[in-house]
Structure formats: structure tokens, C-alpha cells
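For reference, the structure discussed in these notes is given below.
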Amino acid sequence: MGTILDLFIAAGVSQVKVERFLDADPKGAGTIRDQIAADMANQLLEALGQRGRQSAAEVKRIRARGGWTGLDRRPPD
């Protein structure tokens, strides 16, 4: 995915169009941005020896709940 974004930028695609692409949700289970985040999380977990899998839908759910407000506190439910 990083390569395709580099190609967009090299081709002169505007930031607005890149953001629109990243915010697209073609399957209804998470945006392209969510898919990228899930892939990065899975690669990190694998590098740490963990077997867990993060899906784009799970990233979408976490994003919808809101960001972490502090490193030691969970966001309000």
C-alpha cells in the first residue's frame, strides 16, 4: 500500500483525492486506511511472535469508539 501511495504522489494526485481513496470503504468492513492499519498491526504482532490477527473491521470499530485518551486509561465506552 505504501508503494501505491508513493505512485499517487509521484503522479501528482492531489492530497484530497488520496484522502478520498484512503477513506473509501469498498467492502463495508473498514476503509482502505483501516485495512492498512490492520496489515501493519498484523505484521508487528507477527514480528513479536504473536498469532493474533487484526481485521479492517476491528480497526474500524476501534476507530469509531475514539482514540485513547491516555496511555494508562481506556477511552469511555
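The values are calculated or read from the model by the stated rules, or taken from the named source; none is laboratory data. Please read all numbers here as calculations on a predicted model, not as lab measurements. As a convention, Cβ positions derive from the backbone with ideal geometry for all residues, glycine included, and neighbour counts pool all protein chains shown.
Here are a few things to note about the model shown:
- Residue 19 meets all of the listed conditions (1) under 13 Å from the mean Cα position of the chain (by Cα); (2) at pLDDT below 85 but one, namely (2).
- The conditions of being surrounded by fewer than 14 Cβ atoms within 10 Å (Cβ to Cβ) and not in a helix (DSSP H, G or I) are met by residue 27.
- Residue pairs whose Cβ atoms lie under 8 Å apart, separated by 6 or more positions or on different chains, with the first residue in region 1-23 and over 22 Å from residue 40 (Cβ atoms) and the second at pLDDT below 90 and outside any loop (DSSP other than H, G, I, E, B), are 17/8.
- Qualifying residue in region 49-64 (condition: modelled with pLDDT under 85, assigned to a helix (DSSP H, G or I) and exposed (fewer than 12 other Cβ atoms within 10 Å of the Cβ)): yes
- Output for region 1-41, where each listed residue is closer than 22 Å to residue 66 by Cα and either touching a Lys or Arg at 6+ places or on another chain (Cβ under 6 Å) or among the aromatic types (Phe, Trp, Tyr) (or both): 21, 22, 30, 34
- Hits in region 35-48 (condition: among the polar types (S, T, N, Q) and loosely packed, with under 12 Cβ neighbours inside 10 Å): 43
- So residue 32, is it at pLDDT below 85, out of contact with any Cys (no Cβ under 7 Å at 6 or more places or on another chain) and surrounded by 14 or more Cβ atoms within 10 Å (Cβ to Cβ): no
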